[in-house]
Amino acid sequence: MSNSCDQKNEKSSQGCSCVNKEDSYVIPEINRDDFEKFVNDDLFDPEAHMRVYTLTTVEIIDGKIHQTGSAPNFKGDVMTLSTCKHDMRKTLYKNHWKKDDVWIAGFAKSGLRKKGGFSDSILLYLGKVKQIYETFFEAWNEIEENIRSKKDGSKYSLGDLYKPRKNVNNHTKDHDDYKICTNHSHYDNGFKNDVSTGLIFVFDPDKTFVFGPKGKEIEDKKYFEERTGLEGYLTERKRIDRYGRKTKLGDFISGTQN
């Protein structure tokens with residue numbers, strides 16, 4: 001970005017065009033090969049809180065699963081969630097963050113499964129939240145530069161971290177205090193709400209599992225979708241399956257319960 005564009009972006013709410021305008025990108029793999037061992041070794045905290053939801057921004061393009069939205073953001077080898085699921089993030093922060101470990105699982109929408117010819121539900125990611133920042137100012141100044149630079153909403157059209165303008169304070173939730181490029185996916189719809197909500201979720205890179213361009217087929221998604229969700233399942237550690245047998249989380253994920 002040129003110096004003149006930087007100056008304009010400091011003085012005007014209009015900002016500049018995104019340096020990197022991408023409509024989508026292939027979902028990467030993060031710790032995929034470690035996932036089976038992790039769940040089968042019961043490494044989840046039994047008191048952890050789990051939230052499950054469906055990603056509506058993923059699509060199959062050229063046979064691979066792409067992220068077409070800004071959240072979650074898989075760039076920089078660290079997953080972040082800050083521009084979607086505002087109510088969910090508020091609830092997790094208010095009711096669980098200060099007393100529980102928080103895990104989030106993201107599944108693909110059913111249409112993607114059919115389009116891709118998958119026989120089972122597709123788990124896109126499972127991750128433990130490591131840190132929650134209340135404002136984008138705080139997040140921008142605390143997250144390492146090599147990570148935030150790949151998520152910069154003033155340069156990347158699918159970036160999910162908004163860079164504060166000069167001379168703003170760390171408590172600001174005014175969208176005029178942050179930069180966003182003009183062809184960002186949330187420029188016309190969402191930016192103001194993103195900033196006013198804040199609550200930037202940063203996931204633990206050692207306890208985040210992203211399953212890449214093919215996802216992870218889950219044979220029995222109902223155990224993730226029940227009222228207590230995976231939270232209740234993990235708390236119990238073992239439960240009776242429909243055939244009256246006790247089983248572990250890893251059995252459901254690997255499809256060995258039948």
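Quick one: of 109/173; 90/150; 114/192; 115/207, which pairs are farther than 27 Å apart, Cα to Cα?
Pairs exceeding the cut-off: 109/173; 114/192; 115/207.
Could you tally the net charge around residue 197, taking each other residue with its Cβ under 11 Å from the Cβ of residue 197, Lys/Arg +1 and Asp/Glu -1?
+2
What net charge is computed for the residues neighbouring residue 126, neighbours being all others with C-beta under 10 Å from the C-beta of residue 126, Lys and Arg scored +1, Asp and Glu -1?
That sum, taken over residues with Cβ under 10 Å, equals +3.
What does the highest-first list of 174-181, 101-108 look like by mean Cβ count within 10 Å?
Sorting 174-181, 101-108 by mean packing, highest first, produces 101-108, 174-181.
Taken together, the values in this text are just the output of simple stated rules run on the coordinates, not laboratory data. These numbers come from a predicted model, not from an experiment. As a convention, Cβ positions derive from the backbone with ideal geometry for all residues, glycine included, and neighbour counts pool all protein chains shown.
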